[in-house]
């Protein structure tokens, strides 16, 4: 399950780059807060989870998977996801301390980390309040979306961006941890599949927005005339 989730993200990222190359050329970095191709995967994941009230197939898959896990793995002892969700983002500071060169420095890491946390938390809070009032989500002892998953994928995307182009073999390591967190939420019956998928999309999208806003702020600051 965990390997499948990571393979899906890797393959979908490659497909997104190919299918949006033309659209990307029509947008300039100075006009858009983030590239269009960076939003296709997370928006698709969010759309899947959000479509649950109007898609009976998603609801059936959620319940079938949860019932299957309950029967085959009634007592899952792994409960490290409460702290493991922070591993991808905190590893950036460990790399800073070790002197590993990344795309940004420690001070900017603090801003990017804090900004993505605020966006993820704020958007997640609104989504939970809205979904509680929609019967189709079928929420009884779960919440939409999965906060643990959102936070883990938020950090995984942070780590990927910071290591991209410099440490290509390690840039996806955060996604392996995030996949483990997502799988743990399913195995422990804390969330339905649609809630985990939407959480992953929310986390990735929040980081993409944060980096886009940061890039725009830096460009506007450089373009300001000196006094």
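The values are calculated or read from the model by the stated rules, or taken from the named source; none is laboratory data. Here the structure is a predicted model, which is why all the values come from computation and not from measurement. All Cβ positions, glycine included, derive from the backbone under ideal geometry; neighbour counts span all protein chains shown.
Given the options 157, 195, 190, name the one that is part of a loop (DSSP other than H, G, I, E, B) and buried (at least 17 other Cβ atoms within 10 Å of the Cβ).
Among 157, 195, 190, only 190 is part of a loop (DSSP other than H, G, I, E, B) and buried (at least 17 other Cβ atoms within 10 Å of the Cβ).
Does residue 179 satisfy the condition of being under 12 Å from the mean Cα position of the chain (by Cα), crowded, with 24+ Cβ neighbours inside 10 Å and within 21 Å of residue 68 (Cβ to Cβ)?
When the stated conditions are applied, residue 179 passes them.
Does residue 185 count as exposed (fewer than 14 other Cβ atoms within 10 Å of the Cβ) and modelled with pLDDT under 95? Steps first, answer last, please.
Numbers: exposed (fewer than 14 other Cβ atoms within 10 Å of the Cβ): no; modelled with pLDDT under 95: yes.
So residue 185 does not fit the description; no.
Quick one: residue 118 ticks every box in (1) over 15 Å from residue 151 (Cα atoms); (2) exposed (fewer than 15 other Cβ atoms within 10 Å of the Cβ) except a single one, so which number is it?
Just one mismatch for residue 118, condition (1).
Based on what the data block shows, is residue 117 closer than 30 Å to residue 172 by Cβ, in contact with a helix residue (DSSP H, G or I) (Cβ under 6 Å, 6 or more places away or on another chain) and either in a helix (DSSP H, G or I) or touching a residue at least 40 places away in the same chain (Cβ under 8 Å) (or both)?
On the way: closer than 30 Å to residue 172 by Cβ: yes; in contact with a helix residue (DSSP H, G or I) (Cβ under 6 Å, 6 or more places away or on another chain): no; either in a helix (DSSP H, G or I) or touching a residue at least 40 places away in the same chain (Cβ under 8 Å) (or both): yes.
No; evaluated as a whole, the condition is false for this residue.
Step by step: first the residues of segment 121-137, then only those that are touching a helix residue (DSSP H, G or I) at 6+ places or on another chain (Cβ under 7 Å) and farther than 11 Å from residue 150 by Cβ, then the one that is modelled with the lowest pLDDT. Which residue is that? Lay out the reasoning, then the answer.
First, the residues of segment 121-137 that are touching a helix residue (DSSP H, G or I) at 6+ places or on another chain (Cβ under 7 Å): 123-124, 131, 134, 136-137.
Then keep just the ones that are farther than 11 Å from residue 150 by Cβ; that gives 131, 134, 136-137.
Values: 131: 93, 134: 90, 136: 86, 137: 89.
Among those that are touching a helix residue (DSSP H, G or I) at 6+ places or on another chain (Cβ under 7 Å) and farther than 11 Å from residue 150 by Cβ, it is 136.
Please enumerate the residues belonging to segment 23-53 that are at pLDDT below 80 and assigned to a helix (DSSP H, G or I). Spell out the reasoning first.
Taking segment 23-53 as the starting set, the residues that turn out to be at pLDDT below 80 are 23-38.
Residues satisfying the conditions are 23, 24, 25, 37, 38.
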